[in-house]
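Notes for the one structure printed next.
The values are calculated or read from the model by the stated rules, or taken from the named source; none is laboratory data. Because the structure is a prediction, the values reported are computed rather than measured. Using ideal geometry, Cβ is built from the backbone for each residue, glycine included, and neighbour counts are taken over all protein chains shown.
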Amino acid sequence: MGAQPPEDDEIKRYEVVLKHCHDGVLHMGSFKTFEQARAYLMDRWANLRIERYLIQINCGGAIYDRHDSRKRVFLIGAPYLTDEGSGDKFA
């Protein structure tokens, strides 16, 4: 028996999470490249239906690197929403 091919999620290195302080997770996805993850996050961020003056306070988005202990490698908006105690440089 040969080795099983990796599951699709296993080869997707970057995880994106976009959260709202009251509604929780709004969007989530996994991507092979950082560029794909960033494009997804920025598109979702641009299309949030929230008053623009409240977005930086009430919403937070992050990209995590699954190959580096799920370290947060990109952050937009409120950092407290995406800080999961990972000890990254944005916390």
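Identify all residues within region 47-87 that are in contact (Cβ under 8 Å) with a residue 60 or more places away in the chain and part of a helix (DSSP H, G or I); write none if there are none. Once the filter is applied, which keeps residues that are in contact (Cβ under 8 Å) with a residue 60 or more places away in the chain and part of a helix (DSSP H, G or I), region 47-87 yields only Leu81.
Across region 57-91, the number of residues qualifying as loosely packed, with under 12 Cβ neighbours inside 10 Å and modelled with pLDDT under 90 comes to 3. Look at Met28 and say whether it is out of contact with any Phe, Trp or Tyr (no Cβ under 8 Å at 6 or more places or on another chain), assigned to a helix (DSSP H, G or I) and surrounded by fewer than 18 Cβ atoms within 10 Å (Cβ to Cβ). No; evaluated as a whole, the condition is false for this residue.
What number of residues within region 45-63 satisfy the criterion of being touching a Gly at 6+ places or on another chain (Cβ under 7 Å) and over 21 Å from Glu84 (Cα atoms)? Please lay out each step first, then the result.
Going through region 45-63, the residues touching a Gly at 6+ places or on another chain (Cβ under 7 Å) turn out to be 45, 55-56, 59-61.
Right, trim to over 21 Å from Glu84 (Cα atoms) and you get none.
Qualifying residue count for the region: 0.
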